[in-house]
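Heads up, the thing below is written out as structure tokens.
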Amino acid sequence: MKPLKYLDEHLEEIILCVLITIITSCTCLQCFMRYVLNHALSWTDELSKYCFVYSGFFSIGYCIRRSLMLRIDLIKSILTARIFAVVSLLVTLLMTVFFVLLLKASITTYQAYLTGNMISPALGIPMYYIYAGAVIGFAIAVFRSIQSLIVRDIPSALGKGPKTSTSDKGE
């Protein structure tokens, strides 16, 4: 049970750390090859770009899990705690619907690339691996939004759970 709880709390962090490490390593390798050995590599740029795209999609789930989405603190100061909890619930519901629509659109795009034979120029990998990042990222975003509704927003709106926090937990 502990490994599952650990993955629930840190899955996106682990993946993002690996992706950032790959991006940094590729960039350092490219600088070394280009400026020290005078031999530029084409695949490092492409790999960095694809890892950057994947990190963007995985960061959505991370931000939802950590409650780091953009908010307007002025609204919290105007509203009572109970009304703010209901507003937060509505915002999370809208986010969930939005991510479901994006997931549906990304699946459609992914399916279109599955039937094609497009490959990336430098790495030579099928492009549907690249477009899978959107599907995975939006699926995690939907999962984390539903998790946020169940664990945080619905109990707060009903006055039964922890109050909705507006402070950044990353400080």
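Quick look at the values:
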item	result
Inter-centroid distance (Cα atoms) of region 7-60 relative to region 89-104, Å	29
log10 of Debye I(q)/I(0), alpha-carbon scatterers only, for region 59-143 at 0.15, 0.21 Å⁻¹	-0.67, -0.97
Value of [θ]222 nm, deg cm²/dmol, for the chain, DSSP H segments ≥ 4, -39500 (n - 2.57) each, nearest 500	-25000 deg cm²/dmol
Sequence-distant residues sharing a close amide H with Ile119 (under 5 Å, placed H)	Met127
Accessible area of the chain belonging to carbon and sulfur atoms, whole % at 1.4 Å probe	71
Using a Förster distance of 25 Å, the FRET efficiency for Ile146-Met1 (Cβ separation, nearest 0.05)	0.75
Degrees between helix 2-35 axis and first principal axis of the chain (Cα, 0 to 90, nearest 10)	30
Estimated inter-spin distance, Lys160 and Tyr113, nm [label 7 Å along Cα→Cβ]	4.2
Rounded tilt (10° steps) of 127-148 against the dominant C-alpha axis of the chain	20
Per residue accessible area of the chain, 1.4 Å probe, in Å²	64
Computed lengthening from Ala81 to Leu94, 0.36 nm per intervening residue step minus Cα-Cα distance	2.7 nm
The chain, relative contact order [Cα under 8 Å, separation at least 6], %	28
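The values are calculated or read from the model by the stated rules, or taken from the named source; none is laboratory data. What you see is a predicted model; the values in this text were computed from it and never measured. Positions of Cβ are backbone-derived with ideal geometry, glycine not excepted, and every protein chain shown enters the neighbour counts. For accessibility, only protein heavy atoms count, side chains too; no ligands or nucleic acids. Shrake-Rupley method; radii C 1.70, N 1.55, O 1.52, S 1.80 Å.
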